[in-house]
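Asker: The following block contains the structure, expressed as structure tokens.
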Amino acid sequence: VQLVESGGGLVQAGGSLRLACAVSGRTFSNYAMGWFRQAPGKEREIVAAISASGITTYYADSVKGRFTISRDNAKNTGYLQMNSLKSEDTAVYYCAVHSRVVLQKFRESDYWGQGTQVTVSS
């Protein structure tokens with residue numbers, strides 16, 4: 001499975017960005033997808049996850065109400081819409097897929113993207 005993230009960049013606090021994760025090599029609709037982030041000096045943390053069907057989602061408390069995860073299985077692409085960005089959202093964002101995972105416990109995967117930098121200036 002290959003994953004390629006896009007959409008990162010520099011944005012002012014309060015602004016928005018939309019990340020995309022293009023998946024190839026497997027049937028995307030068979031996999032749950034998660035977005036993770038890692039800030040300098042910090043451990044990687046899960047941001048949001050979505051079930052294979054797209055029906056069920058999970059969000060970290062720190063992003064609830066600001067971020068929205070979605071997917072388009074016909075396009076083999078997942079998304080993370082990030083609104084009301086804060087300086088503490090600055091990190092490298094990664095997408096990952098998993099064939100069998102409880103969304104709230106999604107921490108590891110054999111399949112990761114290369115990451116995309118999100119920088120929020122205050």
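The values are calculated or read from the model by the stated rules, or taken from the named source; none is laboratory data. Since this is a predicted model, take the numbers as computed values, not measurements. Virtual Cβ from ideal backbone geometry, glycine too; neighbours counted across all protein chains shown. Just the protein is used for accessible areas: all its heavy atoms, side chains included, with ligands, DNA and RNA removed. Shrake-Rupley method; radii C 1.70, N 1.55, O 1.52, S 1.80 Å.
Asker: Once the other residues with Cβ under 14 Å from the Cβ of N83 are scored (Lys, Arg +1; Asp, Glu -1), what is the net sum? Don't skip to the end; give the middle numbers.
Answerer: Details: positive: R18, K64, R66, K86; negative: D89.
Net charge in that neighbourhood comes out at +3.
Asker: Next question, about the same structure. Below 8 Å, C-alpha to C-alpha, sequence gap of six or more: please give me the relative contact order for the chain in percent. Intermediate values should be presented prior to the final figure.
Answerer: Values: 300 pairs, mean separation 44.5, N = 122.
Taking the mean separation of contacting Cα pairs over the length of the chain, I get 36 percent.
Asker: While we're on this one: Mind putting a number on the dipole of the chain about its Cα centre? Charges go on the C-beta only, +1 for Lys and Arg and -1 for Asp and Glu, and I need it in Debye to the nearest 20.
Answerer: It comes to approximately 180 debye.
Asker: Can you list the residues, at least 5 places off or on another chain, whose amide H is less than 5 Å from the amide H of G115, using H built in the peptide plane?
Answerer: Those lying under 5 Å, H to H, from G115 are E5, C95.
Asker: Once you mark the GluC sites (Glu not before Pro) that are in a DSSP loop and have at most 15 other Cβ atoms within 10 Å, what is the longest gap between them in the chain?
Answerer: It works out to 44-107.
Asker: Non-local amide H neighbours of G15 (under 5 Å, H modeled in plane, Pro and chain starts lacking H): which ones?
Answerer: Amide H neighbours of G15, under 5 Å, 5+ apart: L85.
Asker: Here's something else I'd like to know. Set the Förster radius R0 to 30 Å, insert the Cβ-Cβ distance between V102 and R66 as r into 1/(1 + (r/R0)^6), and round the FRET efficiency to 0.05.
Answerer: E(calc), rounded to 0.05, equals 0.80.
Asker: For the chain, what does the equivalent ellipsoid look like in terms of its semi-axes, each the square root of 5 times an eigenvalue of the Cα gyration tensor, given largest first in whole Å?
Answerer: Working through the eigenvalues yields semi-axes of 22, 14, 14 Å.
Asker: Roll a 1.4 Å probe over the protein chains and send me the accessible area per residue for region 7-122 in Å².
Answerer: Spelled out: the 1.4 Å probe surface of region 7-122, per residue, equals 52 Å².
Asker: Moving to a separate point now. Along the positive direction of the dipole of the chain (beta-carbon charges: Lys, Arg +1; Asp, Glu -1; about the Cα centre), which of S122, G25, G14 reaches farthest?
Answerer: About the Cα centre, the residue reaching furthest to the positive side is G25.
Asker: Below 8 Å, C-alpha to C-alpha, sequence gap of six or more: please give me the relative contact order for region 14-81 in percent.
Answerer: It rounds to 37 percent for region 14-81.
Asker: Quick one: how many lysine pairs does the chain have with C-alpha atoms less than 24 Å apart and a gap of 8 or more or different chains? Give me the count, please.
Answerer: So the count works out to 5.
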